[in-house]
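Working notes for the structure below.
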């Protein structure tokens, strides 16, 4: 095992890509947002009101997955980070619950 491995290395490498995502949150209607990057483990979406989305809340996402031949994809996720201009969502498998 290499002790020099950086803590910043990710389990799933990100690719910078802009994809339209239909974001569903709680009982609100869907809204269309754009990704800044995506990986097999999650994505970052550019949003004008990130404070509206609390950390740890679940969201549902529908998008054409560029990592899977643009196949239409439905994913559940948890908000794991908020920043000026966006939120990061980690994908979860509801079958695990």
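Within the stretch 78-87, is even one residue at pLDDT below 95, touching a strand residue (DSSP E or B) at 6+ places or on another chain (Cβ under 9 Å) and assigned to a strand (DSSP E or B)?
yes
Tell me yes or no: at least one residue of the stretch 57-69 is assigned to a loop (DSSP other than H, G, I, E, B), in contact with a strand residue (DSSP E or B) (Cβ under 9 Å, 6 or more places away or on another chain), surrounded by fewer than 13 Cβ atoms within 10 Å (Cβ to Cβ) and modelled with pLDDT of 95 or more.
Just the residues of the stretch 57-69 that are assigned to a loop (DSSP other than H, G, I, E, B), to begin with: 57, 69.
Filter once more, keeping what is in contact with a strand residue (DSSP E or B) (Cβ under 9 Å, 6 or more places away or on another chain): 57.
From what's left, surrounded by fewer than 13 Cβ atoms within 10 Å (Cβ to Cβ): none.
No.
Answer yes or no as to whether residue 13 is at pLDDT below 95 and outside any strand (DSSP E or B). Walk me through how you get there before you give the answer.
Working: at pLDDT below 95: yes; outside any strand (DSSP E or B): yes.
Considered against the rule, which asks whether it is at pLDDT below 95 and outside any strand (DSSP E or B), residue 13 comes out as yes.
The values are calculated or read from the model by the stated rules, or taken from the named source; none is laboratory data. Computed from a predicted structure; not experimentally measured. Reconstructed Cβ throughout: ideal geometry from the backbone, glycine too, with neighbour counts over all protein chains shown.
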